[in-house]
There are 2 protein chains.
Amino acid sequence: MSRVRPDQVRQITSLGGGPIGAGWAAHFLAQGYDVTSYLHDPSEEQAFHNVVDTAWVSLEALGLAQGASRERLTITNDLEEAVSEAQFVQESAPENLPLKQSLYKQLGDLVPEDVVISSSTSGLTMTDIQKHCSTPERTVVGHPFNPPYLLPLVEIVGGEKSSPDAVKWACDFYQAASKAPLVLNKEVPGFIATRLQEALWREALHMVANGEATPQQIDTALIHGPAPRMALMGQCLAFHVACGEGGMATNLDQFGPTLKLPWTRLKAPEPTKKLRDRMVNGCNEMAAGRHFKDLAAERDRGIVAVLNAINASQKRSG
Amino acid sequence: MSRVRPDQVRQITSLGGGPIGAGWAAHFLAQGYDVTSYLHDPSEEQAFHNVVDTAWVSLEALGLAQGASRERLTITNDLEEAVSEAQFVQESAPENLPLKQSLYKQLGDLVPEDVVISSSTSGLTMTDIQKHCSTPERTVVGHPFNPPYLLPLVEIVGGEKSSPDAVKWACDFYQAASKAPLVLNKEVPGFIATRLQEALWREALHMVANGEATPQQIDTALIHGPAPRMALMGQCLAFHVACGEGGMATNLDQFGPTLKLPWTRLKAPEPTKKLRDRMVNGCNEMAAGRHFKDLAAERDRGIVAVLNAINASQKRSG
């Protein structure tokens, strides 16, 4: 196999001139890679540079990698030239299945054998995208969260014809590129993060539609309520910690009946023993033997840091 | 009316020795108030002090108000004595309707006339709680988010017999006490923040039940995906800003069809013109004439501050 080691990639190709493609290019440049960006049309170039300009302010504030430079960006409108030297390809073309299928048909032949091609798609599956690709085994989804130059999450999942090797390689590569890779067990519409956000979003739309809340109230509730905690500790571990000694088992056993309450329009799943075991075991693995008081203290230190950072940032802005 | 001005309250009574009651006591002490805590049973005192000890570490890191001191805490097991001098009462008794109804029957006679009594209830309505209270007009819900000594949100709503004056007074008081008050239009089960969180939580449980995600994957997706952004900018304004010039109107018109996609098990509401207008107007009011690029830049500065704060906090912990 000619695939370069994930931590030895130097040359990346980013396909797409929109906010996602440009955001990826900025992130990879900030990490010290050589980046070639393919723009379908020369007219996209100004908007592309605007995104990179905006992103660069934040990337500098987060800290550039040694040797990182915007000088290491090359822009081209020639697809073959764009990918000929690539050691990794991040594809952020428009969300249109026939368009992506046709693109992957080309890429399958143009991109050097074994080089992983990763799609930023948020709504399509790789099984569908890779349908007409001659070398589908090295194609995967690598879905970022907006803005891609700031939020670390990348959800990774292969299609039916993707090889497990390519998925593993993509995970290791994103890790080396300072992202937070999350490999999914299977192709699920919306992956994981978007599904969670979408459930919240649809409940919000219902509340606005029914006069139960305004958009301003929705946003105030999130910013000052669950979000600062969730930035530090996910909802599963947060409930585990909040229930003290009993942890997630107490949450499900004692507060299980609240899952029947009309606290959202989404009905909860049946509280089976299998679900309970999965939740309890998962939380125990995350806790990794740490006492709930230590986890709570760590959570609190993090929330304090986040609240102080937000206050300081808003004072500077104000 | 003998009610003290919201910004001149000095003496607060916190009812309840559990984590919420103790958390409130810690918060009010840190804000420089004199606090009397009523514990139903003397045996609760050790656990109560443990919560205050834990909270105090964070409250010091956030910054104590001038004159704030744990010396200004009085503990009593005598309800009449606890409330006789109160200028505000925060009630955090167990979530049990008959128990709360009986408590409010007593409080209605014991608490000095016109002093606002605010309930931390997360699942009951004030209409039910105040049923047997002789002075219900000054009773409201003031629902904190856990941990109450850290997260700023307090959701405020009256019951059928609550006076609008009491609701307004409570809002002004919480603002003066450095909380982020959110007055609801009407009594809704789960208020606003819990409904949004609960939709997300039930989708997470479905995903775990169906083998689509583990608890670890759920938490990773939240921490590195939507949460750091949501701590700065709520979901409504975030979508508005992400859609550039077109804002929320573009979000609903262009991406409206995605509301039909199976990206969560919760069905979206019908995309009526009324809903569209409410969403668009609400976002425009929040934007208050600021250009989307300025809002995006402010969002990015905030996310950078949050990510840097989390990294620094975890380095200190590790």
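The numbers here are math on the coordinates, done by the rules we state, and not lab data. Source: prediction; values computed, not measured. As a convention, Cβ positions derive from the backbone with ideal geometry for all residues, glycine included, and neighbour counts pool all protein chains shown.
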Practice item. Taking 7 Å along the Cα-to-C-beta vector as the label spot, tell me the residue A:101-residue B:105 distance in nanometres, rounded to one decimal. Key: 7.0 nm
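Report the relative contact order of chain B, percent, no decimals, based on alpha-carbon pairs under 8 angstrom and at least 6 residues apart.
Working: 467 pairs, mean separation 39.3, N = 318.
Over chain B, the number comes to 12 percent.
Within 10 Å of each candidate Cβ there may be at most 13 other Cβ atoms; applying that plus a DSSP loop requirement, which trypsin sites (Lys or Arg not before Pro) in the range A:39-125 survive?
Numbers: sites: A:70, A:72, A:100, A:105; in loops: none.
For trypsin sites (Lys or Arg not before Pro) across the range A:39-125 that sit outside H, G, I, E and B with at most 13 neighbouring Cβ atoms in 10 Å, the list is empty.
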Exercise for review: Relative to the longest principal axis of the C-alpha atoms of chain B, give the angle of the C-alpha long axis of helix B:19-30, reported between 0 and 90° and rounded to the nearest 10°.
Suggested key: 80 degrees
**Study point:** Surface/4 of the Cα convex hull for the range A:225-317, nm²
**Key:** 7.3 nm²
Exercise for review: Report the relative contact order of the range B:6-183, percent, no decimals, based on alpha-carbon pairs under 8 angstrom and at least 6 residues apart.
Suggested key: 22 percent
Check your understanding: Which FRET efficiency, nearest 0.05, do residue A:60 and residue A:273 yield, Cβ-Cβ r, R0 51 Å?
Key -> 0.50
**Study point:** Hull-based mean projected area of the range A:67-141, where the convex hull spans the alpha carbons, in square nanometres
**Key:** 5.4 nm²
Review point. Pulled fully out, how much extra length does the chain show between residue B:50 and residue B:285, if you take 0.36 nm times their separation in residues and subtract their Cα-Cα distance?
Key: 80.2 nm
Review point. Rounded to two decimals, what is Rg over Rh for the range A:6-183 when you use alpha-carbon atoms and the Kirkwood radius?
Key: 0.93
Study note, to complete from the structure: Per-residue ellipticity at 222 nm attributable to helices in the protein assembly as shown (runs of n ≥ 4 DSSP H, -39500 (n - 2.57) apiece, nearest 500 deg cm²/dmol) works out to -15000 deg cm²/dmol
Check your understanding: If you project the alpha carbons of the range A:147-288 onto the principal axes, what extent comes out on each, in Å, largest first?
Key -> 47, 36, 28
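Using the beta-carbon distance between residue B:258 and residue A:245 and R0 = 60 Å, what value does 1/(1 + (r/R0)^6) give for FRET efficiency, to the nearest 0.05?
On the way: r = 43 Å, r/R0 = 0.71.
Working from the Cβ atoms, E equals 0.90.
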Exercise for review: Using R₀ = 35 Å, calculate the FRET efficiency as 1/(1 + (r/R₀)^6) where r is the Cβ-Cβ separation of residue A:316 and residue A:43; round to 0.05.
Suggested key: 0.45
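Work out how much length residue A:132 to residue A:294 would gain on full extension: take 0.36 nm times their residue separation and subtract the Cα-Cα distance, in nm to one decimal.
On the way: separation 162, 0.36 × 162 = 58.32 nm, distance 5.23 nm.
Taking residue A:132 through residue A:294 to full extension adds about 53.1 nm, to one decimal.
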Point to revise | Angle in degrees between helix A:215-224 and the longest Cα principal axis of chain A, rounded to the nearest 10 | key: 80 degrees
Check your understanding: Quick one: Cα centre-to-centre distance for the range A:252-294 and the range B:260-307, in angstrom?
Key -> 30 Å
Review point. So, in Å, what gap is there between the alpha-carbon centers of the range B:224-247 and the range B:99-176?
Key: 33 Å
Check your understanding: residue A:260: which aspartates and glutamates have alpha carbons under 15 Å from its alpha carbon, excluding same-chain residues fewer than 8 sequence positions away?
Key -> A:270, B:198, B:203
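Given an 8 Å cut-off on Cα distances and at least 6 residues of separation, report the relative contact order of the range A:80-158 as a percent. Numbers along the way, then the final one.
Numbers: 127 pairs, mean separation 22.8, N = 79.
Taking the mean separation of contacting Cα pairs over the length of the range A:80-158, I get 29 percent.
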Check your understanding: If the cut-off is a Cα-Cα distance under 13 Å, which aspartates and glutamates reach residue B:161, setting aside same-chain residues fewer than 8 apart in sequence?
Key -> B:128, B:137, B:187
